[in-house]
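Engineer: Here's a structure for you.
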Amino acid sequence: MASVRSVLRAIFAVCLLLSGGVVASGYVAHSPADTAPAGNVTGSDAENRSLSELPPSSLTVVTTGSNRPRAESANGSRAEAEVVLYDRNGSIRYYNDTYDSYWDVDLLSKASGPRTVEYVASERLNASACESVGDDAAESGDGSEADGSTEDEKDGCVRTVIERLNLSTGATRTIHAARSPRADVTPWTDVDRINDTHYVIADRAENRVFVLNVRTNTITWEWYAASTFTFDSGGYYLEDWTHLNDVEYLEGGRIMASVRNHDQIVFLDPEHNRTILYEPYGPDYILRENGGPALLVADAGNNRVVEYARRDGSWNRTWQWSGPALRWPRDADRLPNGRTLVVDSNGDRVLEVNSTGTAVWNVSVGLPYDAERLGTGSASAAGPSAERIAARSEEMGDRDRTDQEEGRASDERAAGPLSSTAKGLLSGSVLSAALYVSPAWMGFVELLALCVLFLVSTVWFLAELRWRSVVAELREWAEEAERR
């Protein structure tokens, strides 16, 4: 009996040492340089030139979120949300971290200037702050209040704004602001400008898409997901039924929306065609004159970027780029030169991939949400389809791994069947959620090792308790036998 326990204790100890070593090596390997902008060249010609001298197509604006708990401080690359402008060398040309989270960012028309953007941002407020801030409460056609709140805000609220930013001067102007009574949900994360006065908004708090006149603060059109989807659909999302995360106004008046928790993209009025994806983010519509109709989608739950072309009345997948280095992509734009700008949220980076699947540019930034390349048109409006440029589908995405990612890939191969089996058991959403709340240095292998560390520690602790109980029982039995 004692020899069996000794063997088990030795096995437990080896498992703890190995798993602890993997976690520690992952932490040590993630040096501070890994969170700095990649390709940041000190004293380069680009750095010595003013922002106005740089061509807009050499500048990329990125918005990021934050995993900082409300009203608490935090450290690390994901502690603060920001809107930041990078040049081709990865140097920062503009930075602002006023709000708790920055979401969608869109380029404005050339008439507004090549360096003017609009973004959605939000801030969480405590109850007293909620009472002091106002909002532009939009009213529907019947005069009822559509934004703002009449509910109890004792737990705080979220204030969401649409702001216009001149990146050259740093001047900002609030286009619209709204307050939500739920402190745990940001109601809007994406809007699309229709004209000077009207915006189409994806409202995930109310599970709807609506058109808002920001000048009169009235809703001129709205669509509720409940008119199309049943309440037993949407998966296990009791308080986030649709998670409407993207909306785009198309030519001809159609509206495209991403209903993430239903794994669908819908076209609203006049078309109602749908294509099923797994947790889609940020779909972009590629025009017919550029090789479309086609949809470029960041398929976050499957850790890939895909493109679907409309052919013979159905949507067919024509291109894919993915790999172990890609972790929860939430936006992808096809640039006019045929390259694809990808926002890799859990990978803490934004990268540019050419038609062969090779990453030709990247910057490291904590928890990015959206990105736009200045001077290239909004999203993928000026980009060609994958079929037109004969883009190669890169299933593994191994061309874009950095040296550190190569090391992690080697660790995954070394883990062998265990790693593959664990990945198979975890759905994309579960794994993405785990990586989202984990530190930036922790990849899948480190996360798996941490789980093993916790599991083995728990089993060993329970085993020791059981063994001590058995020993105590044997002693009592022996003492009782002696007394007899």
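The values are calculated or read from the model by the stated rules, or taken from the named source; none is laboratory data. These figures come from a predicted structure and were not determined experimentally. Backbone-built Cβ (ideal geometry, glycine too); neighbour counts: all protein chains shown.
Engineer: Identify all residues within the stretch 172-219 that are within 20 Å of residue 255 (Cβ to Cβ) and of a type in the set (Gly, Ala, Ser); write none if there are none.
Structural biologist: 178, 202, 205
Engineer: Taking the stated definitions as given, is residue 224 hydroxyl-bearing (Ser, Thr, Tyr), crowded, with 21+ Cβ neighbours inside 10 Å and modelled with pLDDT of 75 or more?
Structural biologist: So residue 224 fails the test.
Engineer: Here is a further query. Filter the stretch 64-95 down to the residues that are of a type outside the set (D, E, K, R), in contact with a strand residue (DSSP E or B) (Cβ under 8 Å, 6 or more places away or on another chain) and more than 15 Å from residue 366 (Cβ to Cβ), then identify the one that is modelled with the lowest pLDDT.
Structural biologist: Ranking the qualifying residues of the stretch 64-95, first place goes to 71.
Engineer: Have a look at 61, 14, 7 and point out the one that is modelled with pLDDT of 65 or more, under 30 Å from residue 196 (Cβ atoms) and among the hydrophobic types (A, V, I, L, M, F, W, C).
Structural biologist: After applying the criteria, what remains is 61.
Engineer: Hey, can you tell me all the residues within the stretch 171-195 that are modelled with pLDDT under 90 and either closer than 30 Å to residue 53 by Cβ or of a type in the set (Phe, Trp, Tyr) (or both)?
Structural biologist: 188
Engineer: Still on this structure, please answer the following. Of the residues that make up the stretch 347-356, is at least one within 22 Å of the chain's Cα centre (by Cα) and of a type in the set (Gly, Ala, Ser)?
Structural biologist: Looking for residues that are within 22 Å of the chain's Cα centre (by Cα) and of a type in the set (Gly, Ala, Ser), one finds at least one in the stretch 347-356, hence yes.
Engineer: Please go through the stretch 194-204 and pick out each residue that is surrounded by fewer than 21 Cβ atoms within 10 Å (Cβ to Cβ) and not acidic (Asp, Glu).
Structural biologist: 194, 195, 197, 198
Engineer: Looking at the stretch 319-354 only, could you name the residues that are among the small types (Gly, Ala, Ser) and surrounded by fewer than 24 Cβ atoms within 10 Å (Cβ to Cβ)?
Structural biologist: 322, 323, 338 - these are the residues of the stretch 319-354 that are among the small types (Gly, Ala, Ser) and surrounded by fewer than 24 Cβ atoms within 10 Å (Cβ to Cβ).
Engineer: If you check residue 123 against the conditions, is it out of contact with any Leu (no Cβ under 7 Å at 6 or more places or on another chain), modelled with pLDDT under 65 and in the same structural domain as residue 202 (by TED's automatic domain parsing)?
Structural biologist: It is false that residue 123 is out of contact with any Leu (no Cβ under 7 Å at 6 or more places or on another chain), modelled with pLDDT under 65 and in the same structural domain as residue 202 (by TED's automatic domain parsing).
Engineer: Identify the single condition in (1) over 21 Å from residue 370 (Cα atoms); (2) not in a loop (DSSP other than H, G, I, E, B) that residue 195 does not satisfy, given that it satisfies every other one.
Structural biologist: Tallying (1) over 21 Å from residue 370 (Cα atoms); (2) not in a loop (DSSP other than H, G, I, E, B), residue 195 fails exactly one: (2).
Engineer: Also, quick follow-up: Among the listed residues 236, 278, identify the single one that is touching a helix residue (DSSP H, G or I) at 6+ places or on another chain (Cβ under 6 Å), modelled with pLDDT under 80 and not in a strand (DSSP E or B).
Structural biologist: Exactly one of 236, 278 is touching a helix residue (DSSP H, G or I) at 6+ places or on another chain (Cβ under 6 Å), modelled with pLDDT under 80 and not in a strand (DSSP E or B), namely 278.
Engineer: Now a separate question. Mind checking which residues of the stretch 143-170 are of a type outside the set (Val, Ile, Thr), modelled with pLDDT of 80 or more and in a loop (DSSP other than H, G, I, E, B)?
Structural biologist: 167, 168, 170
Engineer: I've got another one for you. Going by what's in this entry, would residue 240 be described as closer than 20 Å to residue 104 by Cα and buried (at least 18 other Cβ atoms within 10 Å of the Cβ)?
Structural biologist: no
Engineer: Taking the stretch 320-351 as the search range and keeping residues that are among the charged types (D, E, K, R) and touching a residue at least 40 places away in the same chain (Cβ under 8 Å), which one is farthest from residue 367 (Cα to Cα)?
Structural biologist: 334
Engineer: Taking the stretch 361-379 as the search range and keeping residues that are over 15 Å from residue 331 (Cα atoms) and hydroxyl-bearing (Ser, Thr, Tyr), which one is nearest to the chain's Cα centre (by Cα)?
Structural biologist: 364
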